[in-house]
1. Only one of these is under 24 Å from Gly176 (Cα atoms) and among the basic types (Lys, Arg): Arg125, Arg145, Arg105, Arg109. Name it.
2. Suppose we filter segment 218-238 for residues that are at pLDDT 95 or above, assigned to a loop (DSSP other than H, G, I, E, B) and over 19 Å from Tyr39 (Cα atoms); how many remain?
3. Residues in segment 149-159 that are out of contact with any helix residue (DSSP H, G or I) (no Cβ under 6 Å at 6 or more places or on another chain) and more than 13 Å from Trp111 (Cβ to Cβ): how many?
4. If I filter segment 259-295 down to residues being outside any helix (DSSP H, G or I) and more than 28 Å from Leu353 (Cβ to Cβ), which single residue comes out as nearest to the chain's Cα centre (by Cα)?
5. Take segment 265-279 and flag every residue that is open to solvent by 50 Å² or more (accessible area, probe 1.4 Å) and of a type in the set (Phe, Trp, Tyr).
6. Step by step: first the residues of segment 314-361, then only those that are out of contact with any strand residue (DSSP E or B) (no Cβ under 9 Å at 6 or more places or on another chain) and free of Cβ contacts under 8 Å to residues at least 24 places away in the same chain, then the one that is surrounded by the most Cβ atoms within 10 Å (Cβ to Cβ). Which residue is that?
7. Does Thr54 qualify as being out of contact with any His (no Cβ under 7 Å at 6 or more places or on another chain) and assigned to a loop (DSSP other than H, G, I, E, B)?
8. It is to be established whether one or more residues within segment 316-329 are of a type in the set (Asp, Glu) and over 25 Å from Gly67 (Cα atoms).
Amino acid sequence: MTVVHHLTRDEARRIALRAQLLDAERPGDVVEVAEQLGYVKIDPTATIAPCEHTILWSRIGWSYEPGQLQKAVEIDRLLFEFEGAFRPMSLLPLMQPAMRDWPRRESSRQWLDANASFKKDVLARLRNDGPLLASDIPDTAKVDRAPDGWYGKNQVPHMLDFLSRQGLVAIVGREGRHRRWDLAERVYPKNLPELDPDEAAHALAERRLQAVGIAKLKSPWSQIGEAGEAATVEGSTWRFRVDPEALAALEAEDDGRVAFLNPYDPMLFDRPRLSEIFAFDYVLEQFKPKPQRVYGYFAHPILMGDRFVGMLDAEVDKEREALRITAVHEFLPFEPEEQDIVRAEISELGEWLGLPVIGLP
């Protein structure tokens, strides 16, 4: 008989927050965060700090320093960069079967076939001289891909990204925002376990569910398949899957805490779930015309306990060398104690950045 767990909304929210390491108990280091979340997204937009750093600060707190992430990636090799995110090395064996089968899109296969000699040139250059920036590698492509807003006319970045998805090259580190590339065999650990595609896909689905705690069955946002166990949530008609280990932790007490979430934080990724469980209809206003913005260009949602209570519109003012607070938007008026908690967290953010806070009402 299939067991179906019946959860209250409070329980569903607590499961989701604990899975994302946003409960009262903070994780200890960068690797612990990446292992649980599955990835730490990279994005250059930095009104306060780059996405990868604010994601880690919102979990670890004041003890997090950006150098810890660089060390975990470039020296300890416990994390690796792949498709715009830092991922734990423990996920690599689960991803490699799909890498070996990439690409599936016919247009991508045709481009690679037409540029077979270009592919050999790039691999040979890395073998002889790597690690290298894309700008260090000659473009010998026979067939070009059209510029798409992310890439220019140079075909080398295209080829490097394609080869990384095939598991042939890897990012060894960065110079500023520029990636340094090398052969994957010199970056990734040797003697990793080899899994068949079905086994790897099942394990990946379980890791994805572990990262979110609870997700809608067959949701394209979470890609968890049939992982976990069946669940319902009071007031929702959705069918859910829940991580059994998350259920076991529900009995523990948790008073929650305040967190400011980067707009690209993984907690915010599944917008339908965010609305269904948290009653939070989040809209990123970054790409809206200025007159249509309500909370600000890159406002950070404010999480308090298990509720989203407002938006922090703030940015680093480089001329004044300060963290400037434009507004603290309250969805419902804060109680005096809530105001104090939010102000204290803003002060900690300023201290972490090493900047004074200005404009705080």
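1. So the residue among Arg125, Arg145, Arg105, Arg109 that is under 24 Å from Gly176 (Cα atoms) and among the basic types (Lys, Arg) is Arg125.
2. Final tally of qualifying residues: 6.
3. Qualifying residue count for the region: 5.
4. Asp270
5. Of everything in segment 265-279, just one residue is open to solvent by 50 Å² or more (accessible area, probe 1.4 Å) and of a type in the set (Phe, Trp, Tyr), namely Phe269.
6. Here the answer is Asp340.
7. So Thr54 does not fit the description; no.
8. No - not one qualifying residue is present in segment 316-329.
The values are calculated or read from the model by the stated rules, or taken from the named source; none is laboratory data. Only a predicted model underlies this, so the values are computations on that prediction, with no experimental measurement involved. Every residue, glycine as well, gets a Cβ built from its backbone with ideal geometry; the counts of neighbours run over all protein chains shown. For the accessible areas, the whole protein counts, side chains as well, though only heavy atoms, and no ligand, DNA or RNA atoms are used. Shrake-Rupley method; radii C 1.70, N 1.55, O 1.52, S 1.80 Å.
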